[in-house]
Every structure is written in C-alpha cells, then in structure tokens.
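Coordinate-derived values only; no laboratory data. Owing to the predicted nature of the structure, the values given are computational and were not obtained by experimental measurement. Glycine gets a Cβ as well: all are built from the backbone with ideal geometry, and neighbour counts include every protein chain shown.
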Amino acid sequence: MQNATKYPLNFVRFLGTSGTRFIMLSQRRASGGIWFTYGGSRGVIDPGPGSLVRICDAEPPLSAIDINTIILTHKHIDHSSDMNALVEGMTLKSREKKGSALMPRDCVSGGDAVLLKHFADRIKDIHFHEDRAVTKLVTGTTVESVAHKHHGVECYGLIFRGDGLPTWGVISDTSAQAHFPERYSDCRMLIINTTLPLPKATLDHMSAADAESLMQVLHPRLAVLTHMGNMLLDMGPERIASRISTDQTRAIAATDGMIINLDELS
C-alpha cells in the first residue's frame, strides 16, 4: 500500500524521464511514466516500459493495487506498453469492474489497439479524450484534455483541477501549439515533455526553446522538463532548466524517481 506517512498528501513521482525510442531502448533514463496522487485519485500517466517495475521498486513503497486511474496521452509504445499490467493491478481480478481509464479512441480501435479487450472489460469507466472535454476522476477531481499534434496519432495534454487543490498540467509529446498559452494559463505547475534542445520542423516534439517561450507567457510557479532525448541529456538538462527559469517561474529537470509535492511545489 502507498505509505501515506512518507509521501505528501498530493504529489507526483516520475517513474521515468526518458524521451524518444532510443532512450527507451537503452534505458539511459527509465520509461515508466508519472505516478500521481491528487485529491484521492491515485494513478499513472503514460505507463511505458518498466512502469510496473518502477512502482514495485519505489521507496517509499507504491503499489499497483492502489491505482484507481490510468491515463494515456497517446498510444506510442514508450507511453503505453505497461497499460494492461497496471489494469491487472487496478482491478485485481475483481468480480466487479473497478477503476477508470482515460485515453484517445485509437488506443482501443483498429488492429493495433494498446488496451486489450480482456482488460478493457474489467475497467468500470473508460473515457476518451476530446479537446476541452473535462473528465471526472473517481474521487471527483477532474482532468481537462488539450489537443496536441504528434506524428499522426491522437494525442492530448492534461490539466488537473480539484476544489481547494493546486491546478497542474502536462504537455505530452507534441510540437508547440498556438493554443497552449490560453489553455494552460491557470496551472501552478506545468510538466513539459521536452525532447529537443531546439525545434526541428520534422519532429512533433517540444524543445527547450519552445518551453522557454511558453514560460515567458504563462509564468507557472514551477516548470518541470521531462521526456528528454539524448542531445538534451548530453547538454545537461539541469543547466538548460536553470537557463530558461524566470523571475516568475522556477524550471527544473526531472530525474527518475523525483517526487514533487503539489501543494508546496517542492
């Protein structure tokens, strides 16, 4: 069981911070996604390869049995490969359907669905992203879907809200989009999948330069860079995060296992 005495009341833990298939295959950085506990919702965003292992190895302890929500931003394997294993934990072969999932529709359709029917049948509530749709999580907290653009698949970012709780967001794999400043404007913390140092026209990924431009408009209290590619890692993500910090926004580079207290942003 999650050790409530050792974790903050509301927090995220980075099960992995890798970006691109090359980092995933080498495991230079882990590829497990993000655990979140928020207003009683306990879940994982983008459980890529090794997510279950990272949960089981976590200290203080975490448990897949405690999960009540699983969220996919898109279907690519580095974001979804452990989806079915975590559904197994969330439902624990219950005779009654349990938990909820939020994902793009193409995660369950066509010949390359990432959620197997056997496991889909065991989830109580399956929700699908639509731009601006607000989905209620199992405890009444909500997540708003934000349309992204990423290499021909459905992809969405996330904004988490709850009464009396800090608002925080996730920008997943995407090129920079004109609607991001307006959509993410109320986020105190913003997690940004920052794969590249500089934009590359042929790649639908955010760069450190894109993140810097966004910070100068949005001014969240905390910006967290993750999902980093080889070139950015070679350059030193901590140094890059420090460079793009502003008087209003402290930027940091996530590391595998990093825990952030959502109430204190520490």
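Return the ratio Rg/(2.2 N^0.38 Å) for the chain, where Rg is computed over Cα atoms only.
So the chain has a normalised radius of gyration of 0.92.
Packing-based ranking of 7-19, 141-153 yields 7-19, 141-153, ordered from highest to lowest mean Cβ neighbour count within 10 Å. With neighbour counts taken as other beta-carbon atoms within 10 Å, the residues Leu92, Leu62, Leu165 rank, fewest first, as Leu92, Leu165, Leu62. Name the residue, out of Pro104, Pro181, Pro49, whose mean-square fluctuation peaks in a Gaussian network model built on the chain with Cα pairs under 10 Å. Among Pro104, Pro181, Pro49, the largest GNM mean-square fluctuation belongs to Pro181.
Can you tell me the length gained on complete extension of the stretch Ser242 to His151, counting 0.36 nm per residue apart and subtracting the Cα distance?
Numbers: separation 91, 0.36 × 91 = 32.76 nm, distance 2.97 nm.
That works out to 29.8 nm of additional length.
Selection among Gly110, Thr226, Cys56 by position relative to the dipole of the chain gives Cys56 as farthest towards the positive end (Cβ unit charges, Cα centre).
Scaling against 2.2 N^0.38 Å puts the C-alpha radius of gyration of the range 1-125 at 1.01.
With each run of n ≥ 4 DSSP H residues scored as -39500 (n - 2.57), what mean residue ellipticity at 222 nm is computed for the chain after dividing by its residue count and rounding to the nearest 500 deg cm²/dmol?
-5500 deg cm²/dmol
Counting Lys and Arg as +1 and Asp and Glu as -1 over every other residue whose Cβ lies under 13 Å from the Cβ of Thr167, the net charge comes to 0.
When the listed pairs Lys75/Lys124; Lys6/Lys149; Lys75/Lys200; Lys98/Lys136; Lys97/Lys136 are checked against a 26 Å cut-off, the alpha-carbon distance exceeds it for Lys6/Lys149.
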